[in-house]
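J.: Right, I'll just put the structure down here and ask away after.
The values are calculated or read from the model by the stated rules, or taken from the named source; none is laboratory data. Everything numeric here is computed off the predicted structure, so don't read it as measured data. For neighbour counting, all protein chains shown are included, and Cβ atoms are generated from backbone atoms with ideal geometry for every residue, glycine included. Quick note on the areas: whole protein, heavy atoms, side chains included, nothing else; ligands and nucleic acids left out. Shrake-Rupley method; radii C 1.70, N 1.55, O 1.52, S 1.80 Å.
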Number of protein chains: 2
Amino acid sequence: MNSDFHIKPEIRVLGIDDSALLNEKVMIVGTVFRGADWMDGVLRSEITRDGLDATEVIVTMIKNSRHYDQLRVIMLDGVTYGGFNVVDIEELYRKTELPVIVVMRAYPDFEKIRSALRHFSDGELRWEMIKKAGKIEKLVTEKNGTPIYIQKAGIGIKSAEKIVRLTSIRSNIPEPLRVAHLIATGIIFGESRGKA
Amino acid sequence: MNSDFHIKPEIRVLGIDDSALLNEKVMIVGTVFRGADWMDGVLRSEITRDGLDATEVIVTMIKNSRHYDQLRVIMLDGVTYGGFNVVDIEELYRKTELPVIVVMRAYPDFEKIRSALRHFSDGELRWEMIKKAGKIEKLVTEKNGTPIYIQKAGIGIKSAEKIVRLTSIRSNIPEPLRVAHLIATGIIFGESRGKA
């Protein structure tokens, strides 16, 4: 289950980002990449702001895609999408049979998260889901020395690091996530912005 | 005006595609590329189905973009967007001061176009705008031998061909247009499709 595996340079990676919290429904965008080089496809779906449907929506989006057979790994930008809609990465791995790598630009501020979750009647459940994403590992890529932080499900740390390094050719963020972010912000605001 | 110029491999190109005709307003998507390699940004706007606002909307989208200063050339997928909303490429060139290259997968069926334009009260005007896009040149790229057809404004044929060849590394369609198409179809339908 947590095994390492051989990684081809053109490994198919799905990177998923969400868009701004403007409405009850929040758009999520997936990009299918061959390694870091070539975008093969774009997926789009909607999750509920602060809902609990992110895992299910992402599983359905992936399994309905004509790229599903070719995909080898899923990359997430943190585990909370559309506000506090938490992705259960163990369930995502189990239901898609694809390993999951979570990439974060900063070490999560768990105190702040826990405090925000007090406003949710099911805050404890969400907190458990966040903790379930497991150990957070620091990773410094060759790109610019700025560390990122990763979590994982269904993949060993060596393979996860290898895939992150392989796909982070433009910045310290893997291309599938960088480009998903450009698309999600560009479509919503008229021009892409931010951290990419 | 029709001069050839020096082309850097990382020349900033904006490729624009439209989405399906599902509503009165049709989404257009622009991708800002560095040559063929790296997507720097995404633009989005709306034009009117069968309207006459495509040129103006595209000019505004480009001039409002923070990428405007860096852009060197605009690529269009034909000259009709959102049905028969014709882009006046001479005006687009004049107002943005950026050369325009029109890429087509097939030689246009002018008889069919003219016939469809009979249903428009201003069909003659649209026909004149289509003709104004000028001479159509056949271009065979190294990629797969399938020819494409190009028109241009504000750029010589040699430079236009060079830019098309430089950016057509995945198929016979330049990357900025290939990726704009993936985004436009992916966002509208939930998964990208088609000719890319």
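J.: Could you give every pair whose Cβ atoms fall below 6 Å, whose first residue belongs to the stretch B:42-63 and is within 25 Å of A:Thr31 (Cβ to Cβ), and whose second residue is modelled with pLDDT under 95 and crowded, with 19+ Cβ neighbours inside 10 Å, counting only separations of at least 6 or pairs across chains?
T.: Short answer, once both residue conditions are applied: none.
J.: If you go through the stretch A:38-48 one residue at a time, how many are surrounded by fewer than 24 Cβ atoms within 10 Å (Cβ to Cβ) and either among the charged types (D, E, K, R) or facing chain B (nearest Cβ under 8 Å) (or both)?
T.: Filtering the stretch A:38-48 for residues surrounded by fewer than 24 Cβ atoms within 10 Å (Cβ to Cβ) gives A:38, A:40-41, A:44-46, A:48.
Remaining after also requiring either among the charged types (D, E, K, R) or facing chain B (nearest Cβ under 8 Å) (or both): A:38, A:40-41, A:44-46.
Within the stretch A:38-48, residues that are surrounded by fewer than 24 Cβ atoms within 10 Å (Cβ to Cβ) and either among the charged types (D, E, K, R) or facing chain B (nearest Cβ under 8 Å) (or both) number 6.
J.: Go through A:Gly35, A:Gly51, A:Gly78, A:Gly30 for me and flag whichever is within 22 Å of A:Gly194 (Cα to Cα), open to solvent by less than 50 Å² (accessible area, probe 1.4 Å) and more than 12 Å from chain B (Cβ to nearest Cβ). Explain how you work it out, then say what you get.
T.: Details: A:Gly35 fails: within 22 Å of A:Gly194 (Cα to Cα); A:Gly51 fails: within 22 Å of A:Gly194 (Cα to Cα); A:Gly30 fails: more than 12 Å from chain B (Cβ to nearest Cβ).
The match here is A:Gly78.
J.: Having 3 or more residues that are away from chain B (no Cβ under 14 Å) is the bar; report the helices (runs of 4 or more DSSP H) wholly within the stretch A:117-196 that clear it.
T.: A:123-132, A:157-167
J.: Additional query: Give me the pairs: first residue in the stretch A:11-23 and without any contact (Cβ under 8 Å) to a residue 40 or more places away in the chain, second residue part of a loop (DSSP other than H, G, I, E, B), beta-carbon distance under 8 Å, and six or more apart or on different chains, which are they?
T.: Here the result reads A:Asn23/A:Arg49, each pair linking the stretch A:11-23 to a residue that is part of a loop (DSSP other than H, G, I, E, B).
J.: Further, regarding this structure: In this structure, does A:Glu111 turn out to be among the acidic types (Asp, Glu), away from chain B (no Cβ under 12 Å) and within 29 Å of B:Gly194 (Cα to Cα)?
T.: In short, no.
J.: Let me ask something else. I'd like to verify a number: residues in the stretch B:171-191 that are under 30 Å from B:Lys25 (Cβ atoms) and modelled with pLDDT under 95, how many?
T.: Counting residues in the stretch B:171-191 that are under 30 Å from B:Lys25 (Cβ atoms) and modelled with pLDDT under 95 gives 2.
J.: Kindly list the number of the only condition in (1) of a type in the set (A, V, I, L, M); (2) more than 14 Å from chain B (Cβ to nearest Cβ); (3) open to solvent by less than 20 Å² (accessible area, probe 1.4 Å) that fails for A:Leu14.
T.: (2) is the only condition that A:Leu14 fails.
J.: Yes or no: A:Leu98 surrounded by 15 or more Cβ atoms within 10 Å (Cβ to Cβ) and touching a Lys or Arg at 6+ places or on another chain (Cβ under 8 Å)?
T.: Answer is yes for this residue.
J.: Residues being of a type in the set (Gly, Ala, Ser) and more than 16 Å from B:Val164 (Cα to Cα): count how many of those fall in the stretch B:33-49.
T.: Result for the stretch B:33-49: 2.
Results for (1) open to solvent by 40 Å² or more (accessible area, probe 1.4 Å); (2) more than 19 Å from A:Ile74 (Cα to Cα); (3) touching a residue at least 12 places away in the same chain (Cβ under 8 Å); (4) out of contact with any Phe, Trp or Tyr (no Cβ under 7 Å at 6 or more places or on another chain), shown as yes or no for each residue.
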position	(1), (2), (3), (4)
A:Gly123	no, yes, no, yes
A:Ile130	no, no, yes, yes
A:Val140	yes, yes, no, yes
A:Thr146	yes, yes, yes, yes
A:Ala153	no, no, yes, no
A:Gly156	no, no, yes, yes
A:Ser159	no, no, yes, no
A:Leu166	yes, no, yes, yes
